[in-house]
Amino acid sequence: TFIDIVSAVGPSAMKQLWPKYQEKMEKEGCNEAAIAAFKYNYRQLVCKTDMMIPESKIEGVDSLPELENVKVKIDPKLLKKTVMLKLNGGLGTGMGLEKAKSLLEVTGGNTFLDLIAKQVDSMKTEFKAKDLQFMLMNSFATSKDTLEALAKYEDLGTGEDLEFVQNKAPKVTASDFSPADWPKEPGHEFCPPGHGDLYPAMVGSGTLDKLLKKGFKYMFVSNSDNLGATMDVKLLTHFVNSKAPFMMEVATRTDADKKGGHLAKDAKTGGLLLRESAQCPEEDEKAFQDVSKYTFFNTNNLWVDLVALKSIFEKHGGSIPLPVMKNSKTVDPRDKKSTPVLQLETAMGAAISCFEGATAVVIPRERFAPVKTTNDLLALRSDAYQVTKDFRITLAPERNGVPPNIKLDGRYKFVDAMEQLIPEGAPSLVGCKSLAVEGEVAFAKGVVFKGDVVVKNAGDGLKTLAAGTYGAEGGEKAVVEL
C-alpha cells in the first residue's frame with residue numbers, strides 16, 4: 001500500500017533522493033522558484049504529511065456575501081493597479097485537440113482567445129483605460145500557438161509583457177519515490193504541476209516583481225475556457241474595500257457539481273479552505289457530495305493582493321505552502337504497462353487557506369461558463385447562450401441562469417466528431433432542459449428542442465433528424481427514435 005511504501009522510504013529519502021531531483025531540475029533549466037515549489041511538494045510526500053481532508057477537520061460554510069446584494073460605488077481608477085490574468089496552459093486533448101484549448105472556435109467564428117482579446121479591448125474603451133494590463137500564463141505546449149493567434153491584436157501586448165510560462169515538475173516513481181526515468185521519451189519524465197503553479201511561476205519568471213515595480217497591486221485570475229469570467233469593476237471595488245488579501249468567487253453547488261471540489265471551513269481555525277475530490281477519504285464521499293452541507297464551489301475566478309502574495313513567499317523561504325494532491329499515472333500516459341508514477345499537483349484556489357483573512361463572494365452562475373467537454377461546447381454554440389456587446393458569453397435570459405443539460409453519445413467526445421452531428425450549425429436549445437443523443441445522428445438545419453428530449457438511432461449508419469420542433473417545455477420526456 002501507499003503507507004507501506006512511505007514507511008519503507010521514510011523521511012531519510014529527502015536526504016538521499018532530493019539531490020537527484022535538484023540535479024534533474026537544474027539540468028532541465030527549471031528556475032529557483034520552480035525547484036523550491038517542487039521541493040515543498042516532495043517533502044509533503046516523503047514525510048508522510050496527510051494529504052487528505054476528512055470530515056472531522058472541516059465544517060460547512062453557512063453564508064457568504066452575494067455579489068448581487070453587495071452595495072458599492074464602483075471605482076474604475078482601480079483598473080490602473082490591476083492585472084487581468086488568464087490561465088492558458090491546457091491542451092484540449094480530452095476533446096481530441098493537439099493545440100491550446102483556447103484556440104477552439106466557440107461561436108460566430110471566434111475562438112476563446114478572440115473573445116478574450118475583444119473583451120479586453122471593450123473594457124479599455126468603456127473605462128477609458130488604455131493601459132489595462134492583460135497577461136497569460138501559458139505552458140510550453142501552448143505558448144507558440146497562442147502568441148501567433150494573438151499577434152493580430154496589437155494593443156494586447158507582446159513578449160514578457162503578455163505572457164509567462166508555467167513550470168514543469170518531475171514525475172515520481174511510485175515504488176521508491178525516485179525520479180521517474182524513461183529514456184525512450186525523456187519528455188515523459190516531467191509533467192505540469194497543476195494550476196497552483198501560477199504563484200511560483202510568477203515569482204520564478206520575475207513577473208511578480210515586475211508588476212509590483214510598475215505599481216500593480218491587485219490581480220484577477222481565471223481560466224481561459226471560462227468566458228463568463230470578465231474583469232468586473234464592481235467585484236474589484238468590493239475586493240479592495242474588503243481589504244482581504246485573497247478573494248474567491250464561488251457559486252452555489254447543484255447536483256451537477258457534486259463531484260467537484262467545495263469550499264469549507266477549517267474546524268479548528270475557522271479559516272476558509274478548499275477540498276478537492278482527490279483530498280476526500282473514501283468513507284467521506286457521501287458527505288463530500290452533499291450539496292446541502294457544502295453549498296459552494298470554487299469557480300477558479302480569484303482576486304489576489306500582489307503585495308500579500310509576495311510576503312507569503314518571503315515568509316516561507318521562497319515557496320507557498322499549498323496543499324499537495326497526488327495523482328497516480330503511468331510515466332507514458334499512452335502505455336498503461338509503463339512505470340507507475342505519482343504526479344504531485346497543487347490547485348491555485350487552495351491558496352485561500354494560505355492567506356490570513358481570505359474571503360469569498362457568491363457570484364451569479366453566468367460568471368462561470370467553462371468548456372470541459374463537447375457537451376458544453378454544443379450548448380455554447382446554440383441559442384441557449386448569447387454574446388453581449390462587450391463580448392461576454394452569457395446564458396439567454398429565458399434560461400434563468402440554468403444551462404441545458406447535454407449528454408452526447410461517446411462517439412461525439414472529440415470536436416471533429418461533434419461537428420459531424422451539427423453540419424448545419426447547432427440546434428435551438430434555448431427552451432431545452434435536457435438533451436441526450438444515442439447512436440450515429442446528424443441534425444438538419446432548423447431543429448428545435450424543448451423540455452427533455454432523447455434522440456436515438458439504434459441501427460447502423462448515419463440517420464438525419466429533420467427540421468422541426470421536438471419535445472415540449474414542461475411536458476413528458478420526448479424520445480425520438482430514428
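Quick notes on this one:
- Taken as a whole, the condition of being surrounded by 16 or more Cβ atoms within 10 Å (Cβ to Cβ), within 24 Å of residue 386 (Cβ to Cβ) and of a type outside the set (Phe, Trp, Tyr) does not apply to residue 474.
- Among residues of segment 299-315, those that are touching a residue at least 12 places away in the same chain (Cβ under 8 Å), at negative phi and polar (S, T, N, Q), counted: 2
- Which numbered condition residue 317 fails, given (1) at pLDDT below 95; (2) within 21 Å of the chain's Cα centre (by Cα); (3) under 30 Å from residue 176 (Cα atoms): (2)
- Filter result (modelled with pLDDT under 90 and either crowded, with 16+ Cβ neighbours inside 10 Å or in contact with a Cys (Cβ under 7 Å, 6 or more places away or on another chain) (or both)) within segment 6-45: 6, 9, 11, 13, 14
- Selection of segment 448-477 for residues being within 16 Å of residue 408 (Cα to Cα) and not in a loop (DSSP other than H, G, I, E, B) yields 449, 452, 453, 454, 455, 456, 463, 464, 465.
- Any hit, segment 376-389, residues being open to solvent by 20 Å² or more (accessible area, probe 1.4 Å), farther than 30 Å from residue 63 by Cα and part of a strand (DSSP E or B): yes
- Taking the criterion of being in contact with an Asp or Glu (Cβ under 6 Å, 6 or more places away or on another chain), modelled with pLDDT of 90 or more and within 25 Å of residue 295 (Cα to Cα), the residues of segment 362-410 that qualify are 362, 363.
- Residue list for segment 133-155, restricted to those being more than 30 Å from residue 42 (Cα to Cα), open to solvent by less than 20 Å² (accessible area, probe 1.4 Å) and touching a strand residue (DSSP E or B) at 6+ places or on another chain (Cβ under 7 Å): 134, 146
Table: residues versus (1) assigned to a loop (DSSP other than H, G, I, E, B); (2) in contact with a Ser or Thr (Cβ under 8 Å, 6 or more places away or on another chain); (3) more than 30 Å from residue 111 (Cα to Cα); (4) charged (D, E, K, R).
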{"site": "45", "(1), (2), (3), (4)": "no, no, yes, no"}
{"site": "50", "(1), (2), (3), (4)": "yes, no, yes, yes"}
{"site": "63", "(1), (2), (3), (4)": "yes, no, yes, no"}
{"site": "68", "(1), (2), (3), (4)": "no, no, no, yes"}
{"site": "72", "(1), (2), (3), (4)": "yes, yes, yes, no"}
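- Neighbours by Cβ (under 7 Å, 6+ apart or cross-chain): first from segment 318-345, farther than 18 Å from residue 38 by Cα; second open to solvent by 50 Å² or more (accessible area, probe 1.4 Å) and basic (Lys, Arg): 330/336
- Matching strands (runs of 3 or more DSSP E) fully within segment 238-339 where at least 1 residues are surrounded by fewer than 18 Cβ atoms within 10 Å (Cβ to Cβ): 246-252, 262-266, 325-330
- The single residue among 451, 468, 474 that is more than 19 Å from residue 106 (Cβ to Cβ) and at pLDDT below 95 turns out to be 474.
- Residue 26 satisfies every condition listed in (1) assigned to a helix (DSSP H, G or I); (2) in contact (Cβ under 8 Å) with a residue 12 or more places away in the chain except (2).
- Where a residue in segment 178-193 is over 10 Å from residue 341 (Cβ atoms) and its partner, wherever it lies, is acidic (Asp, Glu) and buried (at least 19 other Cβ atoms within 10 Å of the Cβ), with Cβ under 6 Å and at least six apart: 193/345
The values are calculated or read from the model by the stated rules, or taken from the named source; none is laboratory data. Since the structure is predicted, the reported quantities are computational estimates derived from the model, not experimental observations. Positions of Cβ are generated from backbone atoms using ideal geometry, with glycine treated the same way; all protein chains shown enter the neighbour counts. These accessible areas exclude ligands, DNA and RNA; they are computed on the full protein's heavy atoms, side chains included. Shrake-Rupley method; radii C 1.70, N 1.55, O 1.52, S 1.80 Å.
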